[in-house]
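One structure is given below, encoded as structure tokens.
The values are calculated or read from the model by the stated rules, or taken from the named source; none is laboratory data. Being a predicted model, the structure only gives us computed values, none of them experimental. Areas reflect the complete protein model, heavy atoms only, side chains present, ligands, DNA and RNA absent. Shrake-Rupley method; radii C 1.70, N 1.55, O 1.52, S 1.80 Å.
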Amino acid sequence: MTMVLEWLDERGSGAEPPAERWVPLLERLLQLAAEEEGIGDGVVSLTFTDDEGIRELNRQFRGVDKPTDVLSFPLRETGADEPAIVWDGDGPDALEGGEPLGDIVISLPRAMAQAEEYGHSPEREIGFLFVHGFLHLLGYDHDTAEREREMFDRQERVLAKAGLTR
């Protein structure tokens, strides 16, 4: 099983905390979550941003003009006006690691503030947001009480395997 995490820090140089700090943890969580979900190969892109950057994305793509903690942009999802994305794994767009699953964007300042607010470690909060975003890439949602319970149970199983309990 090969899951690849590609990442980018859009906050600019010198931003604290440094994004590199979180990458080993998130690579491990990606492997655990993929294993839990039966995903063999795939590529996930992660962008670290700040509150203003995620606010702009939230406004542009969701019509909500305020910052949030995490956004997910699945490549498997198709809307009524979108053509289905068909990926055969060959040709010039083939990626090491398999099928591109989508993009996750995390506001690091928002994650740090929430970790403090909720009384747990920054690792727990960033891990929670990342796994939450990953499950959205796979089509999970929390728009009903039943679906929320299912999604959050899946998140907690992965986080527990990584030792990131509350």
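Structure summary
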quantity: Gaussian network model of the chain, springs between alpha carbon atoms under 10 Å - residue of R11, R110, R62 with greatest fluctuation; calculated: R62
quantity: Chain lengthening between D143 and E52 when straightened (0.36 nm per residue, less Cα-Cα); calculated: 30.2 nm
quantity: Per residue accessible area of the chain, 1.4 Å probe, in Å²; calculated: 54
